[in-house]
Amino acid sequence: MSKDSERVKKAVEMATKAHEGQFRKTGEPYIIHPLAVKKILEDWGMDEDTVIAGVLHDTVEDTDIALNDIKDEFGESVAFLVDGVTKLSTARNGMRDIDTYLPETKDNFLRLMIALGDDIRVLIIKLADRLHNLRTLSALPPDKQKKIAKESLEVFAPLADRLNMGLLRVEMADLSFKYVDPKRYEYLKDLIEKYNKQAARSLKKIEGEVGEALKKEKIKFTISGRVKSVYSLHKKLAKHNQNINEIYDLTALRIIVDDITTCYLVLGIIHSLYTPMNGRIKDYIAMPKQNGYQSLHTTVITKDKHIVEFQIRTKEMHEFAERGLAASFYYNEQKLTENYKKGKIEHLPTN
Ligand code: MN
């Protein structure tokens, strides 16, 4: 906590005082929430103005603090961000219940968010706000839980995806899906766990084989398994008539290397070890997805007839795939520092 700058400390003080006497549905003092949003934004590596605006994001709407007070104390940029977040939530309150949303209304909301987020940091604060509300959703009555979860699944998780914030998208979608369709959620979660348990041993073997081949070529790499999220499996099953045998990326191995040339080299090595499946090689490095996602994907069949997807990418691509736009803010900030000019890039800690 002591690493907070004077400005951040001042914002925390201001918000604490303003929210005094207010409580969350969990019974905790309200300030818990803006402080949690602050922590999320810090973890994402956001700049100081965004963190401050995160601390103050509910003050204009819910307390006596006026936008001008924020402008006087913290400047134009923080005030602009808080104003954007406030406008978003007022616009949303004016809309009907999500259950009666017409499809166009939902699109309009997304369009509105994008228009208002003409400084995209407004959206990032809104996403941090929603993430914490989802994490603490159990304190709300069931009808509210469902409403917020549904909206998160249909509006906020896709927004996270548009910003290529993969970790966030997965956490939001799975947290929400659990409330939207609890039975289905539990069923699929068990299914994934069982499948992973079964696959664990053969995956280890494959990891070993690939690792050995890469070492032989003196390639620096890290390899790890990635677990499919419950919600993305749910959506894929819907597309494939619920036939799990048609889902080829239930288990995937991720290989992270230093540069793009090495990505292609690794792809070649994998194809020399195993048989690639027809039509399952995707070059998102040469042709990135719309949200900027980059990686090479290939699905192969091993000698033991196991089907495994490989995802091959550089460290930068990986960080961008997990943190998306938030990560690019982090690196842009660094570009202004001396260390960066000397070529010392500080990477965000990966988990
Ligand atoms: Mn809030």
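The lone criterion from (1) assigned to a helix (DSSP H, G or I); (2) closer than 29 Å to G292 by Cα; (3) modelled with pLDDT of 95 or more; (4) open to solvent by less than 50 Å² (accessible area, probe 1.4 Å) left unmet by L237 is number (3). Of all residues being of a type in the set (K, R) and touching a residue at least 40 places away in the same chain (Cβ under 8 Å) in segment 179-204, which is most open to solvent (accessible area, probe 1.4 Å)? Just the residue, please. Ranking the candidates gives K189 first. The residue that is most open to solvent (accessible area, probe 1.4 Å), counting only those in segment 31-44 that are free of Cβ contacts under 8 Å to residues at least 12 places away in the same chain and within 14 Å of the ligand (Cβ to nearest atom), is K39. Restricting attention to segment 277-332 and to residues that are within 23 Å of P158 (Cβ to Cβ) and polar (S, T, N, Q), the residue that is modelled with the lowest pLDDT turns out to be S328. Identify all residues within segment 240-278 that are part of a helix (DSSP H, G or I), within 23 Å of D304 (Cβ to Cβ) and open to solvent by 30 Å² or more (accessible area, probe 1.4 Å); write none if there are none. Residues satisfying the conditions are I244, N245, E246, G268, H271, S272, L273.
The values are calculated or read from the model by the stated rules, or taken from the named source; none is laboratory data. Just so it is clear, the structure is predicted and the values come from calculations on it, not from any experiment. Note that we place each Cβ from the backbone using ideal geometry, even for glycine, and neighbour counts take in every protein chain shown. Side chains included, ligands, DNA and RNA excluded: accessible areas come from the protein's heavy atoms. Shrake-Rupley method; radii C 1.70, N 1.55, O 1.52, S 1.80 Å.
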